[in-house]
Amino acid sequence: VLVVLGAGAAVVVAAALVGSHLGEGAALVPTAALTGALAGLWCRPVPGAVGCAVAAVGLAAANQIAAPQDYAPLDDLVFFAAAVGGPALAGAVVAGRRTQVRRLRQLSEQRLAQRTAEVRAARLEEQNRVETLVQHDIIQRMGAIALQAAGSLSQPAGSPPPGFAAIETTAREALDDLRAAVGVLRAPADLVPSAEDPPPRRDTRAIGRTDVVMGLWGVAMAVEGIAVASSLGPAWPTATCCLALGALLVVRRQRPVTTAAAGMALAVLMEVALTPPTVMVTTIVWLLLLGFAVGAHATGVRRLAGAVVLVLGTVLMVGVPTIGAVVAATVICGLVVGSGVVAATWSARAEVLDHLLRQVERGGQAEARLAVAEYRQAIARSLHDSVAHAMTVVCLHASAAQRVGDDAGRAAQALSTIAEAARAGMAELRRGLDSLDGPPDLSLQAVVDDARRLGVEVSLVTAPREPALSPATEALLARAVREGLVNVARHAPGSPARVELTAGRDRVQVEVTDQGPVAPSAPVVTGTGTGLAGLAEAFGARGGVVAAGPDPDGGFRLRVSLPLPAREAAVVA
């Protein structure tokens, strides 16, 4: 509405300026450009087109009032249509680009939310699948062990000896199931990566409807040529040449430099032998379209050659080449070609952004695969930390109890330990599967106490000033201590273990050492191969170090260290 009212007011303003120093309608050109730019930026296509049409009519009428002797009404109308329509088109391009960027940003935000949902769904599906596997096999065996041990404890005196061999067999079967489950978890996620889209390529070969519409501009040129040819040259040859100039616009994208050269040669010929194109307003629009095509669709040296052809042809059409004419033609053609370059750059950037958005959308499967893989690792660590430790304790105590003979007290103690380990393992497994995203509730002292109850002689040595560790840091260190103590019970039965915690200004270290096996060795309870590897991965993610190997003084040594966050380091200092 503002554009239409402004265009109507331009008539009154122009009439008031008649006879002043701003005569001949000079003030109307910037008015036309401003009106068109506002219409392109702020109006929708249909209202903007109506506003531009009204503005062109009003400005042409105003120019006729100011300088009726210079140009015919049709020339003024075409000129101001171009003066308003060009900035309107540029404003529409800017507005469209702004809308496109805003839309791409919205799509990116929507895609981010979708990826979050996809990752969460992948994690939940994997957790449900593994929980089903664990509950049907491993937890049933652990429950059977707990029931066997509790049933043996409740038998009256004089009953047959407990079935420690059956308990050990069930525990070893649970470890076999655990190894199978960990093997499944270590397998790659069963998701096929989506094919990558090829980078965007602009197809400039096919002639589309827009090219045909642009070619129809030759009809407008022919109409104007016939209107002015009666006094300046033969009408029908002029109209035929104008139609030929319009036809060249159809292939301006496919052959921009060739089109520019042929068009300028024909225009110079018309300037010499027919109606001069320089007296036709429609020629201005034709030149703008030709220069824009050179900038948008030619590249490198060919773009420079096309610009030179445009400048040379424009100078030859003007007449005697002067310095002023060359400079003016160079500036105008440079601006037009430059606008084509800018538009082509914006279009290519929009295509690249659209391509990247499609790739981001397809990349959701990659993130889902990563989420599944990470979750599988977390579940494998949880299975190892709970099931492997508990079943190792069960196997060791069941094996040792089979060698004590008829000692009812030691047998009862072994059964109690076995039942407690099986129940604790099941509870920890369920708790771990429910809360894999957070640190487990572990502490160094609790791990050492559990090891002592299970028969491992452990001494805990801490620094004179024990560091105040965060729950996540202490849980990770406790996990390493538990791994070390279980390995002591598994590979060095009867050996005392030593756990030493030291802390510096910016680092904390824990060592677990033993003196090697000192008791008769039962069949070795093999692990899952996940313990030390999982520790190395977990500590490496925090910038820590894991070192394990034989101790020069005998036995085995496990040393882990972690950098302390600034907050914890300040407390230690």
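The values are calculated or read from the model by the stated rules, or taken from the named source; none is laboratory data. Nothing here was measured: the structure is a model prediction, and the numbers come from that model. Note: ideal-geometry Cβ built from the backbone for every residue, glycine included; neighbour counts use all protein chains shown.
Filtering Leu454, Leu383, Leu469 for residues that are assigned by TED's automatic domain parsing to the domain that holds Asp506 and modelled with pLDDT under 75 leaves a single hit, Leu454. Arg209 fails exactly one of the following numbered conditions: (1) in contact (Cβ under 8 Å) with a residue 12 or more places away in the chain; (2) among the charged types (D, E, K, R); (3) surrounded by fewer than 22 Cβ atoms within 10 Å (Cβ to Cβ). What is the number of that condition? Just one mismatch for Arg209, condition (1). Flag set for Ala328, criterion: more than 22 Å from Asp211 (Cβ to Cβ) and part of a helix (DSSP H, G or I).
At pLDDT below 75 and among the β-branched types (Val, Ile, Thr) - does that describe any residue in region 537-560? No; the residues of region 537-560 include none that is at pLDDT below 75 and among the β-branched types (Val, Ile, Thr). Within region 297-325, the set of residues being in contact with a helix residue (DSSP H, G or I) (Cβ under 6 Å, 6 or more places away or on another chain), modelled with pLDDT under 85 and small (Gly, Ala, Ser) comprises Ala325 only.
Within region 294-321, residues that are outside the structural domain of Met264 (by TED's automatic domain parsing) have Cβ atoms under 9 Å from residues that are assigned to a loop (DSSP other than H, G, I, E, B) and surrounded by fewer than 23 Cβ atoms within 10 Å (Cβ to Cβ) in no pair, counting only partners at least 6 apart in sequence or on another chain.
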